[in-house]
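What follows draws every value from the coordinates through simple rules; no lab data is involved. Just so it is clear, the model here is predicted, and its values are computed rather than measured. Here the Cβ is made from the backbone with ideal geometry for all residues, glycine too, and neighbour counts use every protein chain on show.
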Amino acid sequence: MQRLSSLDYFNPVNTQTWANGRHQVRCLKVIQETHDVKTFCFDMAQPMLFFFKPGQFITLELAIGTETVMRSYTISSAPSIPYSFSITVKRVAGGQVSNWLHDNLQSGDSLIVHGPIGQFNCMDFPADKVLLLSGGVGITPVMSMARWLFNTNAGVDMAFVHSARTPDDIIYRAELDYMSTRIENFRLHVICEKTLTGQAWSGYRGYLNADLLQIIAPDFRQREIFCCGPAVYMNAVRAFLQASDFDMSRYHEESFGETAANLTTAESPAQCEAEALCRVTFRESGKSVQVAPGTTLNAAALSAGVTIPKACGMGICGTCKVRVLDGQTEMNHNGGISEEEVEEGYILSCCTTVSGNVDIDY
Ligand SMILES: Cc1cc2nc3c(=O)[nH]c(=O)nc-3n(C[C@H](O)[C@H](O)[C@H](O)COP(=O)(O)OP(=O)(O)OC[C@H]3O[C@@H](n4cnc5c(N)ncnc54)[C@H](O)[C@@H]3O)c2cc1C
Ligand code: FES
């Protein structure tokens, strides 16, 4: 793609704004953040302002070999610097897409993204005081929020508590330090699980817990909390906040994988009249399960001991696509499936509920 001269490209008068949809973007630069984390920055051939709600994500549509693969990534940049956007990706051992991105994606390459979308964001839950909690690469959505609040001089009081494995694993370390020295209302606290030989660290060590939070942010009950990290981290945070009588309606979290909330069904089968139950059969796996009407097919699969891969959980990325062979279902998706696929009987199992007996080709 040919880029316009920078004066034309950055002309704010004729610049369009992107919206949720399918977009071709190109990689502008790649930044090595830590030994296993890289940031990829993107723009489009035509001038575009990348506005979104800090915390939202996009889904990459990649051609890897003969396969089309989709994975969701948080937009780690902030809409306050809107002429490009970035994602920050951690290598996952054995992971298909994260390793492909690290090993292949370079400045000048084009790819397709879907989005932006996502309910985990700081615009829908405005507050004067926030507590941003992150573990590992879960820092990406809360970093987007912090950058936004910092760049816009929003006057929001931020306590930012990041947990990393070791000092070498602290993502955005220099920028976090910079923000904390520039404004009064940005309090940075980094906790390292451990230090390796040769690593200097005078900050907190171990895991975040109720006692440590009380020291770090004694006023945490007055804050809107945004949390993202590994499941074990978020389970611990949720548990000690509940035990501390925190008003959980002010707690918001993002999972990069499976969440307990994603697994809940409309009703448990035990609460449902026997005759109302729907039988979901997974023909290839040879398994079946009875669930209440309104249960998603992905949740039904898990109850039956069948794992249908899932990424976004919101009907956008297409990871959870399966074919319905027989039966009544209702799908409420966000663009992750084409009309042709729907005509062929495919559905997105994360956002398709059952209303009768269903047979699935899985
Ligand atoms: C909303 C959202 C936002 C996200 N934001 C970010 C972000 O900002 N940064 C980020 O780094 N990630 C983010 N993620 C996670 C990201 O989408 C990917 O899940 C992650 O990069 C791993 O993808 P992968 O293709 O590398 O791994 P996958 O190929 O999906 O594999 C994941 C793991 O499963 C194992 N595995 C794969 N197949 C099998 C199999 N058949 N049997 C047994 N084990 C198997 C792999 O070895 C690996 O350990 C986000 C996810 C969501 C849903
Ligand atoms: S998991 Fe993304 S569409 Fe279902």
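At a glance:
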| quantity | calculated |
| --- | --- |
| Whole-Hz ³J(HN,Hα) from phi, Karplus 6.51 cos²θ - 1.76 cosθ + 1.60, for region 117-122, glycine and proline x | 7, x, 8, 7, 7, 8 |
| Rg to Rh, two decimals, where region 86-160 supplies the alpha carbon set and Rh follows Kirkwood | 1.05 |
| Segments 273-283, 13-23, 166-176, 351-361 sorted - mean Cβ within 10 Å per residue, highest first | 351-361, 166-176, 273-283, 13-23 |
| Lysines with Cα under 19 Å of K129, excluding same-chain neighbours fewer than 8 positions away | K53 |
| 222 nm mean residue ellipticity, helices alone, for the chain (DSSP H n ≥ 4; -39,500 (n - 2.57); rounded to 500) | -5500 deg cm²/dmol |
| DSSP bridge orientation in region 16-117 - percent antiparallel, rounded to nearest 5 | 95 percent |
| Under 20 Å from K310, Cα to Cα: lysines that are on another chain or at least 8 residues apart | K90, K287, K321 |
| Anisotropy class of region 1-143 from Cα gyration tensor, a/c 1.5 cut | oblate |
| Electrostatic dipole magnitude of the chain [Cβ: Lys, Arg +1; Asp, Glu -1; Cα centre; debye, to 20] | 980 debye |
| Euclidean distance between Cα centres, region 146-219 to region 1-71, Å | 28 Å |
| Of all DSSP beta bridges in the chain, antiparallel share, percent nearest 5 | 60 percent |
| Per residue convex hull volume, Cα atoms of the chain, in Å³ | 166 Å³ |
| Vicinal HN-Hα couplings computed from phi for region 190-206 (Karplus, 6.51 cos²θ - 1.76 cosθ + 1.60; Hz; Gly/Pro x) | 10, 10, 9, 4, 7, 10, 9, 3, x, 9, 8, 7, 10, x, 5, 10, x |
